[in-house]
Protein chains: 2
Amino acid sequence: MDFRCLNSFAVLANQLHFGRAATLLHLSQPALSKQIRKLEEEIGAALFRRDSSGTTLTAAGAVLARDAGDLLARCQETLSRARRAGRGETGTIGIGFGIATYDLMPRVIARFRALYPGIQVSLRDMPSVEQVDALRARRLDIGFVRLPTPADMTVLPVASERLVLALPAAAADIAGIGDLRAMPLILLDRRRTQSVFDQVMALCAAFHVSPPIQQEVPEFSTALALVASGAGASLVPRSAKRDDLGIIYRDIDHAAAEWSVGAAWRTGECEPAVLNFLRCLETELSACPAGQRSHLRGPRGAAAPAGGAGPTLRYQLFSD
Amino acid sequence: MDFRCLNSFAVLANQLHFGRAATLLHLSQPALSKQIRKLEEEIGAALFRRDSSGTTLTAAGAVLARDAGDLLARCQETLSRARRAGRGETGTIGIGFGIATYDLMPRVIARFRALYPGIQVSLRDMPSVEQVDALRARRLDIGFVRLPTPADMTVLPVASERLVLALPAAAADIAGIGDLRAMPLILLDRRRTQSVFDQVMALCAAFHVSPPIQQEVPEFSTALALVASGAGASLVPRSAKRDDLGIIYRDIDHAAAEWSVGAAWRTGECEPAVLNFLRCLETELSACPAGQRSHLRGPRGAAAPAGGAGPTLRYQLFSD
DNA sequence: CATGGCGATAACCAAAAGTGATCATGTCGG
DNA sequence: CCGACATGATCACTTTTGGTTATCGCCATG
């Protein structure tokens with residue numbers, strides 16, 4: 001059964017006049033006659049009585065007319081629901097975030113929620129590596145992860161700042177990582193932030209030192225408290241610095257001493273809801289003047305278009 | 001939106017495999033691809049993700065898949081309801097009956113109700129002339145009326161019997177209508193049985209008498225009671241005769257002294273429910289041996305096919 | 001590196017649906 | 001009573017659609 005025919009039938013059932021109904025349907029009268037005839041054949045009974053005195057519904061026609069409106073309405077409803085979902089106005093979006101949540105992310109999510117109230121935002125706290133797995137398995141759509149990311153993800157760098165060396169007041173003689181020697185390093189929980197751990201290890205190796213890992217803590221503030229207590233040194237992003245603990249900070253003269261976070265998604269993503277979110281993120285980023293963010297220098301040359309994936313996203317935003 | 005495409009979509013959404021789904025749908029894989037593509041264009045978004053790793057639903061596809069099954073089911077329901085109505089298995093049938101209800105009619109209706117429990121039978125008691133009007137206005141579908149009927153009705157004679165002259169015991173000298181002279185005639189209520197009244201008048205005119213109308217009564221039994229009391233004569237069908245009142249009955253030697261009843265319907269009727277009823281009536285009539293019914297001699301040459309109206313009804317049943 | 005599975009694409013063909021012209025019939029006004 | 005009009009059916013024809021087979025490109029796998 002064709003919905004077109006059914007609609008024509010409904011109009012004709014209202015008009016009870018082939019000519020008028022055909023005009024309303026932007027159709028010629030023979031075409032409408034044919035459609036109705038087809039429907040009648042499908043049902044196996046006449047739907048209209050074509051008398052000299054006019055066109056009237058038969059009993060079967062009346063039954064169908066009663067149902068047709070409802071059916072057509074449901075059809076439209078189904079269609080428009082699918083369309084809304086297709087425009088990314090309804091649905092669910094899974095967003096992951098790691099330990100380092102910058103203020104940008106909540107702002108973006110608030111903006112997205114306001115713009116697309118029909119999308120259920122599912123926020124999940126998980127380490128970068130897990131996020132990448134979850135993205136691959138479609139348990140997540142967007143991940144706020146530490147950079148760099150594997151090649152099958154496209155990434156939009158969101159923030160980046162230098163790592164600084166935090167030293168107890170008693171260790172003022174240490175000028176940089178190269179001087180750490182036996183000074184224990186207090187780092188974040190390895191299971192949660194494998195990539196930071198690896199990065200720090202690589203950094204130490206670059207300076208030809210391999211300090212012992214003293215403790216793995218859940219947050220930077222805890223690490224700094226331990227540093228203040230003299231338990232060891234730590235590497236923290238510049239923004240985590242606290243001036244009230246008597247800690248000594250040293251800049252690190254090495255390109256890899258960069259703490260970068262980006263939004264990652266499956267390369268080639270085409271779920272409209274996800275694209276909408278990215279658009280949202282993009283505008284939020286451009287609304288936030290670059291000067292207020294840490295300078296961006298993405299490890300993998302910042303966000304490349306990655307095979308022209310997102311059709312409408314302009315990655316050039318970050319060329320400044 | 002095409003129902004066909006939607007169904008293909010539903011199957012593909014289950015199978016998640018174009019080739020298999022196409023086989024199930026008895027069409028080739030490119031055809032299915034085309035159908036899905038058409039649907040996707042209509043919705044304005046991809047419904048499936050065609051990865052190297054397989055075919056999966058997009059968010060929009062999942063939304064549509066959830067609704068599609070329901071919509072298709074409703075569509076089938078609507079269709080089959082219309083089909084049932086088209087076969088005359090559901091709906092309403094209006095049946096009229098006059099003062100002369102023969103036992104055949106209840107039997108036919110009982111049979112019809114048993115055979116088509118989905119049809120609501122609306123029985124209405126009304127005089128023949130009103131029945132004919134109601135039939136024309138479609139307020140009635142079948143009328144059990146006195147014959148003859150107007151030309152735009154087709155009729156199936158159901159019963160016919162001779163009228164007899166009923167005389168008070170004191171009027172034994174009257175041999176027939178021609179002798180009535182001033183003897184009052186007790187007839188049925190004219191408003192209810194105009195045609196009988198007219199017939200009797202015509203009969204009197206044929207015998208060159210015009211007896212006064214003494215009383216118009218609601219039923220034959222009342223008329224006979226009045227005859228027995230000596231109030232006048234009456235004309236009643238032979239079956240209405242009562243032997244316990246001392247009434248004298250005289251046969252009437254005239255062709256028009258016939259009391260005929262038939263089922264009438266609009267010539268050219270094509271409502272399946274009505275045709276089903278007529279079929280029912282037909283079988284009931286043939287089940288009842290002709291001998292048990294009064295001999296048929298319909299005033300208008302019995303039931304003529306009347307323009308080949310009822311396609312499957314065999315009017316020849318009454319050719320005996 | 002050849003192979004096989006899977007969906008897209010191309011070329012082609014048949015069926016369907018649309019169109020304008022015309023017909024048949026019944027109504028109505030003169 | 002007759003011609004004009006209205007209405008839906010029918011016809012001949014064109015365009016569109018949907019379907020088929022053959023083939024391609026891609027990727028995973030042995």
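Laid out as a table, the results:
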quantity: Approximate spin-label separation A:Lys34-B:Ala31, in nm, with each point projected 7 Å along Cα-to-Cβ; calculated: 2.1 nm
quantity: Tilt relative to chain A, helix A:29-43 - C-alpha long axis, 0 to 90 degrees, to 10; calculated: 80 degrees
quantity: Helix B:104-115 axis, angle to chain B major axis (alpha carbon atoms, nearest 10°); calculated: 10 degrees
quantity: Inter-probe distance in nm under a simple model that places probes 7 Å from Cα toward Cβ, at B:Ala151 and A:His208; calculated: 12.4 nm
quantity: Among B:Asp152, B:Asp67, B:Asp173, residue whose mean-square fluctuation peaks in a GNM of chain B (springs only between Cα atoms under 10 Å); calculated: B:Asp67
quantity: Share of alpha-carbon pairs per 10 Å distance bin for segment B:53-203, given as whole %; calculated: 9, 24, 22, 15, 10, 8, 6, 3, 2, 1, 0
quantity: Peptide-level mean, for B:67-74, of C-beta atoms on other protein chains within 10 Å; calculated: 3
quantity: Other-chain or far-sequence residues with amide H under 5 Å of B:Leu140's (modelled H); calculated: B:Leu135
quantity: Segment A:3-86, dipole about Cα centre (Lys/Arg Cβ +1, Asp/Glu Cβ -1), debye to the nearest 20; calculated: 280 debye
quantity: Test item: Cα-centred dipole of segment A:161-258, Lys/Arg +1 and Asp/Glu -1 on Cβ, debye; calculated: 160 debye
quantity: Helix-only CD estimate at 222 nm, as mean residue ellipticity for chain B, using -39500 (n - 2.57) per DSSP H run (n ≥ 4); calculated: -12000 deg cm²/dmol
quantity: Estimated vicinal HN-Hα couplings, Hz - segment B:154-170 in sequence order (Karplus 6.51, -1.76, 1.60; Gly, Pro = x); calculated: 9, 9, 10, x, 10, 7, 7, 8, 6, 7, 10, 8, 9, 10, x, 3, 6
quantity: Fraction in percent of alpha-carbon pairs per bin - 10 Å, segment A:161-258; calculated: 18, 57, 25, 0
quantity: Options B:Val274, B:Leu187, B:Ser234, ranked by Cα towards positive dipole end of chain B, top entry (Cβ charges); calculated: B:Val274
quantity: Choice from A:Gly262, A:Gly94, A:Gly178 showing the highest fluctuation, given a GNM over chain A with Cα pairs closer than 10 Å; calculated: A:Gly178
quantity: Degrees separating the helix B:3-15 axis from the principal Cα axis of chain B, which is the longest one; calculated: 50 degrees
quantity: Neighbourhood net charge (10 Å Cβ-Cβ; Lys/Arg +1, Asp/Glu -1) for B:Ser8; calculated: +2
quantity: Percent of C-alpha pairs per 20 Å bin, chain B, short to long; calculated: 26, 34, 20, 13, 7, 0
quantity: Per-copy distances of the A:Gly178 label point, shortest first, in nm (7 angstrom along Cα→Cβ); calculated: 15.2
quantity: Copy-to-copy label separations for B:Arg66, where each label sits 7 Å from Cα toward Cβ, in nm and ascending; calculated: 3.2
quantity: Relative contact order %, segment A:1-50, counting alpha carbon pairs below 8 Å whose residues are six or more apart; calculated: 34 percent
quantity: In nm, spacing of pseudo-spin labels at A:Ala62 and B:Arg107 (7 Å Cα→C-beta vector); calculated: 3.1 nm
quantity: Label spacing, shortest first and in nm, from B:Leu27 to its equivalents in the remaining copies (7 angstrom along Cα→Cβ); calculated: 2.0
quantity: Restricting segment A:194-279 to trypsin sites (Lys or Arg not before Pro) in coil, as DSSP defines it, with at most 15 other Cβ within 10 Å; calculated: A:Lys241
quantity: Reciprocal of mean inverse Cα separation for segment B:161-217 (Kirkwood radius, Å); calculated: 11.9 Å
quantity: Fluctuation leader among B:Val164, B:Val200, B:Val11 - chain B, Gaussian network, Cα springs under 10 angstrom; calculated: B:Val11
quantity: Cα-based Rg of segment B:3-86 normalised by 2.2 N^0.38 Å, two decimals; calculated: 1.16
quantity: Taking chain A and dividing mean pair separation by its residue count, relative contact order in percent (alpha carbons under 8 Å, at least six apart); calculated: 20 percent
quantity: Gained length - A:Asp179 relative to A:Thr23, 0.36 nm times residue gap less alpha-carbon distance; calculated: 47.3 nm
quantity: Rg followed by Dmax, in Å, when the protein assembly as shown is reduced to its Cα trace; calculated: 46.1, 156
quantity: Candidate lysines - alpha carbon under 30 Å from A:Lys34, same-chain residues fewer than 8 apart omitted; calculated: B:Lys34, B:Lys38
quantity: Charge dipole (debye, nearest 20) of the protein assembly as shown; +1 at Cβ of Lys and Arg, -1 at Cβ of Asp and Glu; calculated: 720 debye
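Taken together, the values in this text are just the output of simple stated rules run on the coordinates, not laboratory data. The structure displayed is predicted, hence computed values, not measured ones. Backbone-built Cβ (ideal geometry, glycine too); neighbour counts: all protein chains shown.
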